[in-house]
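To start, the structure under review is shown below, and the notes come after it.
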Amino acid sequence: MVADNIKNIFDKIDKACSRCGRSSNEIKLIGVSKTVSTERIIEAYRAGLKVFGENKAQELKEKAEILSDYDDIEWHFIGHLQTNKVKYVIDKAEYIHSVDSLKLAEEIEKRAKKISKVQNVLLEIKTSDEVSKFGLTDIDEIYRVAEFCKNSANLKLIGLMTIAPFVDDENVVRNAFINLRNLKEKLISEGFEMTELSMGMTGDFEIAIEEGATMIRIGTAIFGARSN
Ligand SMILES: *Cc1c(COP(=O)(O)O)cnc(C)c1O
């Protein structure tokens, strides 16, 4: 079942890409495995998915430890990260998508430095009001955090992430993605180097691909509805 779901998503990615003249190689599918057991993650792994995203620090740590033999799994941290929990994910997460404060960037830099790692990070941007409590909104603050990342040897700022609002109006969703893309272009034009747009979930990933997503984060369409 998980295998069928994954195949289905890859088909949809291909179709969305051909609709807008992109190559599906440009899209990284992240299987969002929050609340999902390690047995079912292995099922997805056997079906060819090697990239997983978690939104709780301890959960990522525990699962990565249990699955440490699967050393080609790539872990992404996608949730709100409290500074006191950076230590749980720093040696596990290849990417942290959700840098939403200078304080958090500073803590990640400190911890990455300790283990001589260059941590890939994305800035989480709040592109609409109703969606999530977290994410940067203030443009000056966005520049401050981006600048800090740029000047930190142990941080590599690779892009921006957002969660679009959960509304039926497709244009509202699309606009959130367009806003994120425009912000990325603006930052690039001002000397920040970044390539990634982490946007699109089960309900909206095809729109996200049309608007330039390079990383899509899909849980429900792969693993089914979550009970919590
Ligand atoms: C849960 C979650 C997802 C996946 O959501 P689905 O709708 O189940 O695909 C994506 N991104 C973040 C940040 C999440 O917390």
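Only the coordinates and a few stated rules stand behind these numbers; no lab work does. Owing to the predicted nature of the structure, the values given are computational and were not obtained by experimental measurement. A quick note on method: Cβ atoms are made from the backbone with ideal geometry, for glycine too, and the neighbour counts reach across all protein chains shown.
Taking neighbour counts of Cβ atoms within 10 Å as a proxy for exposure, in what order, fewest first, do Val121, Val51, Val145 appear?
Details: Val121 27, Val51 20, Val145 24.
Ascending number of Cβ neighbours within 10 Å: Val51, Val145, Val121.
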Worksheet item: Taking the Cβ of Ser18 as the center, what net charge do the other residues with Cβ under 14 Å away carry, scoring Lys and Arg +1 and Asp and Glu -1?
Response: -1
Response to the item:
Over the chain, the sum of -39500 (n - 2.57) across DSSP H runs of at least four, divided by residue number and rounded to 500 deg cm²/dmol, gives at 222 nm -12500 deg cm²/dmol
Item to complete: Specify the inter-centroid distance of segment 87-129 and segment 52-81, based on alpha-carbon positions, in whole Å.
Response: 14 Å
Worksheet entry | Cβ-defined net charge surrounding Gly219, 11 Å radius [Lys, Arg +1; Asp, Glu -1] | +2
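Too long at a 22 Å Cα-Cα cut-off: which of Lys15/Lys63; Lys87/Lys184; Lys7/Lys61; Lys87/Lys156; Lys61/Lys117?
Those over the limit are Lys15/Lys63; Lys87/Lys184; Lys7/Lys61.
What is the gain in length, in nm to one decimal, between Asn182 and Lys50 on full extension, counting 0.36 nm per residue of separation less the C-alpha to C-alpha distance?
Gain on extension, Asn182 to Lys50, equals 44.5 nm.
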Worksheet item: So what does log10 I(q)/I(0) come out to for segment 2-223 at q = 0.14, 0.15, 0.16 Å⁻¹, using the Debye formula with one equal point on every Cα and no solvent?
Response: -0.85, -0.98, -1.12
Worksheet, complete the sentence: Taking only the alpha-carbon atoms of segment 1-109, the convex hull volume per residue, in cubic angstrom, is 112 Å³
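Which trypsin sites (Lys or Arg not before Pro) in segment 1-110 pass both tests, a DSSP loop state and at most 14 other beta-carbon atoms within 10 Å?
Counting only loop positions with at most 14 other Cβ atoms within 10 Å, the trypsin sites (Lys or Arg not before Pro) in segment 1-110 are Lys50.
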Response to the item:
Mean-square fluctuation maximum in Gaussian network of the chain, Cα pairs under 10 Å, restricted to Gly79, Gly200, Gly53, hits Gly79
